[in-house]
1. Evaluate the following for Ala277: is it in a loop (DSSP other than H, G, I, E, B), surrounded by fewer than 16 Cβ atoms within 10 Å (Cβ to Cβ) and among the hydrophobic types (A, V, I, L, M, F, W, C)?
2. Can you pull out the residues in the range 537-550 that are buried (at least 17 other Cβ atoms within 10 Å of the Cβ) and either touching a Phe, Trp or Tyr at 6+ places or on another chain (Cβ under 9 Å) or at pLDDT 95 or above (or both)?
3. Could you please give the count of residues in the range 108-128 that are hydrophobic (A, V, I, L, M, F, W, C) and within 15 Å of Trp591 (Cα to Cα)?
4. Which residue pairs have Cβ atoms under 6 Å apart, sit 6 or more places apart or on different chains, and have a first residue in the range 61-81 that is at positive phi and a second that is assigned to a strand (DSSP E or B) and among the basic types (Lys, Arg)?
5. Please go through the range 852-875 and give me each residue that is surrounded by fewer than 19 Cβ atoms within 10 Å (Cβ to Cβ), among the polar types (S, T, N, Q) and either at pLDDT 95 or above or part of a strand (DSSP E or B) (or both), ordered by number.
6. State yes or no: is Ile176 of a type in the set (A, V, I, L, M, F, W, C), more than 17 Å from the chain's Cα centre (by Cα) and buried (at least 22 other Cβ atoms within 10 Å of the Cβ)?
7. Please specify each residue of the range 316-329 satisfying the condition of being without any contact (Cβ under 8 Å) to a residue 60 or more places away in the chain and either buried (at least 17 other Cβ atoms within 10 Å of the Cβ) or among the aliphatic types (A, V, I, L, M) (or both).
8. For the range 449-473, what are the residues that are free of Cβ contacts under 8 Å to residues at least 40 places away in the same chain and either surrounded by fewer than 16 Cβ atoms within 10 Å (Cβ to Cβ) or in a loop (DSSP other than H, G, I, E, B) (or both)?
Amino acid sequence: MSQNNSIKKISTCLFLLASLFAFSQQKVTGKVTDGNSKFGLPTVTIQVKGTSNGTTSDFDGNYTITVSNADAILVFSYLGYASQEVKINKRSIINISLAENENLLNEIVVVGYGSVKKSDITGAVSSVKSEELNAFPVLDAAQALQGRAAGVSVQSNNGGEPGTPISVKIRGNTSIGASSSALIVVDGFVGANMPQANDIESLEVLKDASATAIYGSRGSNGVILVTTKKGKKGRLSVELNSTYSAQTTSERLDLLNADQFGDYQTAINPAYVRGTANTDWQDLIYKTGSTANHQLSFSGGTDKVNFYASGTYFDQDGVVLNSGFNRTSFLSNIDAQITDKLKLGFNAFGSRSEKQGISTQADTGGRGSGDVVSIAFRFSPDLGLFNANGSNSVDFLRDGIDNPVAVAKESIDETKTDNYRANFYANYDLLENLTFKTTFGFSTINETRGTYKPSTLELTAGQQGGIGAIANARMTNVLSENYLTYTKDLDKSKLTLLAGYSYQKNTTERSSAGAQGFTSDSFSYYNLGGGATPLPPASSLTETEILSQFGRLNYDYNDKYLLTLTARRDGASNFAANEKYAFFPSGAFGWKVSNEEFIKNIEQISNLKLRVSYGVTGNPSISPYQSLASFNNIYAAVGGQTVNAVVPNQSANPTLKWESSYQSNFGIDLGLFNSKISLSLDYYNIDTKDVILGDTGQPEYFGFLNNQSLKNIGEINNKGLEISLSTKNISTDNFSWKTDFNWSKNRNKMVTLIGGEDVFLNAAPGHFLRDETHLLREGEAVGVFWGYDYQGVYQGGALPTGTGTLTANAAPGDELFTDIDGDGKITSSDDRKIIGDPNQDWTMGITNTFTYKNIDLNIFFQGAYGGDIMSLTHLELANGNSNSTTEVLNAWTPSNTNTNVPSAKVRANDISSRFVYDGSYIRLKNIALGYTLPSDITKKLGMDNVRLSVSGQNLLTFTDYPGLDPEVSYKASGSQNSNVNQGFDYGNYPNIQSVSFSLNLKF
């Protein structure tokens, strides 16, 4: 009996061992699907908890994994979805559905050549949500970035002009002679134009060297990564977005009317003959404008192919006569899973735009010149629109100018632009955890600009018999990138390695021609051959190339300690033969303190991460051929005949090399009360060395036309603090209120200049006959204003101590200025000083979003503190030989001595602190009220969603600045100008106020 029992026990043990052995070899299979659509989810990570044993689902969501423990737990995780843990319990088939998690979706961040969870980011990165970009209608999605991300500065190049370019800078100006604009990458295409806001799925702003160094030379000014929408598996989805806006000028100058103007001019010149009209020229050039924006999109997909396609029509009728812009564009994305290993994709974008421009921001306003806006300010209000004979009126009070209505309506300035971009990619799984991706992109921009000034504009083109010109430009961009990505989940860590190669070539071709002396104005610029006098033609070809190798390591140990190492080697054709290549490394470390045992038990802290990074980036954004000696064409006279000749243009610079920015960043991310409060703080320091500047020390007798050849002769420092705060204030079934706030402060300083000498700069219009308005000086901010220090009005008798006047025979009512050298005279060489700083002290944006059932309300304020403005407009209007603001009604007279406004007289356009104003402002950027129809109603209508909204843009602005708008940008386009010409106001297109009505339909 005992022997039988022993045999039974042994048999049982053998059976159990055999069962365990058999189970250790068992495979678990199943399918992972989306909880809503029930479609399979590809690349879901399935891992045996506590081990390195794992796999991923295929394109249809199917998976297979071998397990060896009856008590094993499978962890299913997928970006954008809530993770699930499932106990096997000896099952061989486990199907599971994952639910989308909104909080996790918001944490997916696109970085250069990949994407990660926000919790794993070690650099300074800001994400802007799609709904924020679409909060109000804009032509360029870059406009919607203003006030949305800390450290990001967005500036229109010309107020509210239709179709005007937008400048985006991140963490201040890091250069002088090269561009400081952020790099824009759209769907992997480096240097692309920003797409239409409704087509954007996500937008990330990379700010520190750790985040941007993967783009090497082109990442020195920060990077904006844009991902456009893609299709999803499921039925066809159709969406219509339509917006119409009514627009007006946000502000007008308070100018003299005809009677006031007559009194003012009589005080200057008693012989002045008054006109008989009373014309408000601002009323005549301004009108109610409008914007229409209509987008129709289609998306969907099958098991193997997904697609998204959209078409957009944008049309803006400007608030200034004869100004407008329209654009038709399309975008499409196709992704196809060819095999289990191979995935292909194609992205295409195209647009055709037409801009009807008017002259603004004129560089000169002398006889027969000037722009529509500044002429409207200056033109005498006692003159009418036409002369007695029916011709356009002309104002001869000064040099002589045509009236602004005629200049706006009769001048032609048309630009037609075709913009096409295509990008193809192939992604292939070479081995387990190793993928190869190759991309090839091509873009082309073809632009034609035609201008014509008719003979009916007496002073502008009357004597010439009309002036016509046409200019053509074609810009092509070829990009090829190839890289390998290796990922490995280890026992307690995750490793990602990236290595790649990139090549990009830009080609620009330009040509232009013109003529004057036409027998008729009827053919505009389309009949240049009909001009009696051809103007000199021009043509050019430029090419630039960048060749790069790059790599990155991401390491995550125990979901606590994060390490990122990046390196890139760039070669750019812009630089001298022996200076073309440079190496740009960076490193970053992150510590998830909230995952430590000593923090986990603190319920109030849901997230705490510390970040530190340091790296180097470069800047190649200068015009090509700057290191080479060059010649210029000129005309010369030989024997009484005009012949072509050449003269030296610039000397060679065999040492011209990269600007390099050395950047450190210290950050903290904090989440409290289950992330109801989320806070991010970043402090950064950027030292930009080998700054490229024009060397003014080259003697003129060397004979070069350009005596400011570019050299590496300076250093700039930027340092600042950024704060981003999001709070979920109230969240109930029917009502919610959340707040997003950001604040940033940047300080820049010129550290070194060649020989320590000041560099004087000029942003005044040519007819001002002034050559110094601002400067670069060691120890000072970039582009500080330079001029006389205004001290009020001279009352007669002895001059107040330490003051003087610009004229030797001072009269009561004259301007008083600080006598800096104390010699009793005011001279340009000894009595000018720094009189203002255009750099803003800080900027901010705050958004409050309220929802009640199907109603939503969004209120967005944006503002800046500090940032002085030099109003060249107010300076010109105070010189006595044009119309003026009503300020002159308080001018000094013997009976009105208690004033700060000088007496009425003709004065030169001297730059002084009298016309420097505080540019601080807070603006109600957008307020929007929306209503979404209940789902039971939309279903009856055969729709998925119907939303109606009304919004207002720029409805309120709180500022002490007396000009049209505190966001000014005169002479601020172009690489160097955008860096140093800040805070100048002259002839800008006015900013606009809008009321918009929007409709969103989904089928």
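1. Values: in a loop (DSSP other than H, G, I, E, B): yes; surrounded by fewer than 16 Cβ atoms within 10 Å (Cβ to Cβ): yes; among the hydrophobic types (A, V, I, L, M, F, W, C): yes.
Yes; evaluated as a whole, the condition is true for this residue.
2. In the first step, residues of the range 537-550 are kept if they are buried (at least 17 other Cβ atoms within 10 Å of the Cβ); the result is 544, 546, 548, 550.
Ile546, Ser548, Phe550 - these are the residues of the range 537-550 that are buried (at least 17 other Cβ atoms within 10 Å of the Cβ) and either touching a Phe, Trp or Tyr at 6+ places or on another chain (Cβ under 9 Å) or at pLDDT 95 or above (or both).
3. Initial filter on the range 108-128 (hydrophobic (A, V, I, L, M, F, W, C)): 108-111, 116, 121, 124-125, 128.
Pick out the ones that are also within 15 Å of Trp591 (Cα to Cα) and you get 121, 124.
Looking only at that region, the number is 2.
4. Partner pairs satisfying both residue conditions: Gly61/Lys31.
5. Our first condition is that a residue be surrounded by fewer than 19 Cβ atoms within 10 Å (Cβ to Cβ); within the range 852-875, this holds for 852-857, 859, 865-866.
Next cut, among the polar types (S, T, N, Q) only: 854.
Across the range 852-875, there are no qualifying residues.
6. Here the answer is yes, as Ile176 does meet what is asked.
7. Answer for the range 316-329, where residues must be without any contact (Cβ under 8 Å) to a residue 60 or more places away in the chain and either buried (at least 17 other Cβ atoms within 10 Å of the Cβ) or among the aliphatic types (A, V, I, L, M) (or both): just Asn326.
8. Gln463 - this is the single residue of the range 449-473 that is free of Cβ contacts under 8 Å to residues at least 40 places away in the same chain and either surrounded by fewer than 16 Cβ atoms within 10 Å (Cβ to Cβ) or in a loop (DSSP other than H, G, I, E, B) (or both).
The values are calculated or read from the model by the stated rules, or taken from the named source; none is laboratory data. Here the structure is a predicted model, which is why all the values come from computation and not from measurement. Glycine also receives a Cβ, built like all others from the backbone with ideal geometry; neighbour counts cover every protein chain displayed.
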